[in-house]
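The values are calculated or read from the model by the stated rules, or taken from the named source; none is laboratory data. None of these values were measured; they are calculated from a predicted model. Virtual Cβ from ideal backbone geometry, glycine too; neighbours counted across all protein chains shown. Quick note on the areas: whole protein, heavy atoms, side chains included, nothing else; ligands and nucleic acids left out. Shrake-Rupley method; radii C 1.70, N 1.55, O 1.52, S 1.80 Å.
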Amino acid sequence: MDNLPRFIAAAVQAAPVYLDPAATVDKAVALIEEAAGNGASLVVLPEVFVPGYPYWNWTMNPVQGSPWFERLYRASIDVPGPHVDALRAAARQHNVVVVIGVNERGPHSLGVLYNTLLTIGPDGQLLGVHRKLVPTWAEKLTWTGGDGSSLRVHHTPIGPLGVLACGENTNTLARFALLAQGELVHAASYIALPVAPEDYDMADAIAVRTAAHSFEGKVFSVVACSTISPEIVDTVAGDDEEIRRMLARPRSALSGIFGPDGRPVTEPLVDDEGIVYAEIDLAKCIQPKQMHDIVGHYNRFDVFQLHVDNTPRSPVTFTADPARQPATHHCAPLPTDGTDTTKEDHA
């Protein structure tokens, strides 16, 4: 810890090529190349960027939305798979750490989709596959919740990195679990949310959550949010003018980089597509922790204890015949020693 990394981080705010996984991965690869060309060593992309967010959960009743679930399922990706391979190759080619959200098909059921964050190392190694623990509100119509096996911090060249998706960043215990593993860089991925109640300002909500985690943990946070493209509006709203007006609501997205004092390191980006860059110097986390270190001296572990069950969960377990165990590949806890697991745990 004598040589704490100092590097450029990039928070990408962009819309997917809606419900087109191949084209969206191509766009992600181009954005990774652009960010790396501008000196970034960490590139964070939005929640479920591949191939987009199920906005119909908020604009249709469950029966109307059911055919759209099938459409999203068919457009989602497998982990591992060729789309992940393309993202890994981009990270390796440009020597950057990449965090990106995807819709992941469950390996065991046609009814299972996960809201998943992939963490990829600069050598192209798939370091983490984190499935959102609790889908938020209407999202429960689409996604199955993950388990605690992926709630872990990754030791990368840019420092100890943890990731959470959208509403998970309001889950105090999930955030504490990452901080207690030594997290110093937090990646938070979001979607633009113009479909919430009218008095809900998503840009403010993202800023408050990000500032809170950075200030409480004395860490840097890189937050990346998607945007609403005309293509998304046309696809979801069609001729419904009320829905079109809803999807055009301003202040639905914010991306940026926040420091250990809870303040933005540079001006965040609201609504528009673009990339926010800022320098992160992890040495700046030291002095603030002298005042409040909630995973150290500023806590009472004789009074408070957090227990995390990181057991991978599968729908069935065969105890008599190990050969019949269901495939859990990426659900299993990942090693912390840098071992390449892409052909084993992720096969």
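In whole percent, and with a 1.4 Å probe on the protein chains, what portion of the accessible area of segment 88-237 is carbon and sulfur? Intermediate values should be presented prior to the final figure.
Details: 2540 of 4510 Å².
Carbon and sulfur atoms account for 56 percent of the accessible area of segment 88-237.
Which value does Rg/Rh take for segment 66-182 over its C-alpha atoms, Rh per Kirkwood? Spell out each step's value before the answer.
Values: Rg = 14.6 Å, Rh = 14.9 Å.
Expressed as Rg/Rh, it is 0.98.
FRET efficiency for residue 266 and residue 320, Cβ-Cβ distance as r, R0 = 51 Å, nearest 0.05? Numbers along the way, then the final one.
Values: r = 58 Å, r/R0 = 1.14.
E(calc), rounded to 0.05, equals 0.30.
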**Q.** Loop-resident sites, segment 177-262, for GluC sites (Glu not before Pro), counting at most 16 other Cβ within 10 Å (DSSP)
**A.** 198
Q: Write down Rg/Rh for segment 104-250, rounded to two decimals, with Rg from the C-alpha atoms and Rh from the Kirkwood relation over Cα pairs.
A: 1.00
Q | Cβ-Cβ FRET estimate between residue 93 and residue 61, R0 fixed at 30 Å, reported to 0.05 | A | 0.10
Q: Sticking with the crude label model, points 7 Å out along Cα→Cβ, report the distance from residue 293 to residue 22 in nm, one decimal please.
A: 5.3 nm
Q. Hey, what's segment 193-237 come to in accessible area per residue, 1.4 Å probe, Å²?
A. 33 Å²
Q: Largest first and in whole Å, give the semi-axes of segment 26-129's equivalent ellipsoid, each being the square root of 5 times a Cα gyration tensor eigenvalue.
A: 28, 15, 10
Q: Report, please, the projected area of segment 72-111 averaged over directions, based on the convex hull of its C-alpha atoms, in nm².
A: 3.1 nm²
Q.
Highest mean first, how do 164-176, 121-133, 304-316, 82-94 rank when packing is the count of other Cβ atoms within 10 Å averaged over residues?
A. 121-133, 164-176, 82-94, 304-316
(Q) What distance in nm lies between label points placed 7 Å from Cα along the C-beta direction at residue 108 and residue 140? (A) 2.2 nm
**Q.** Zone of residue 244's modelled label, taken as backbone nitrogen in segment 60-80 under 12 Å from a point 7 Å along Cα→Cβ
**A.** none
Q: In a Gaussian network model over the chain where Cα atoms closer than 10 Å are linked, find which of 200, 190, 277 has the largest mean-square fluctuation.
A: 200
**Q.** Pair residue 2, residue 286: separation of 7 Å Cα→Cβ label points (nm)
**A.** 1.2 nm
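Normalised radius of gyration for segment 34-80, please: alpha carbon Rg relative to 2.2 N^0.38 Å, two decimal places.
On the way: Rg = 15.5 Å, N = 47, 2.2 N^0.38 = 9.5 Å.
Compactness ratio reported: 1.63.
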Q. So what are the radius of gyration and Dmax for the Cα set of the chain, in Å?
A. 19.4, 60
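Per DSSP H run of n ≥ 4, the term is -39500 (n - 2.57); total these for the chain, divide by its residue number, and report the mean residue ellipticity at 222 nm rounded to 500 deg cm²/dmol. If you can, show how the numbers build up before the last one.
Values: 9 runs with 93 residues, N = 347.
So the helix-based figure for the chain works out to -8000 deg cm²/dmol.
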Q: Post the alpha-carbon centroid distance, segment 244-297 to segment 139-196, in whole angstrom.
A: 15 Å
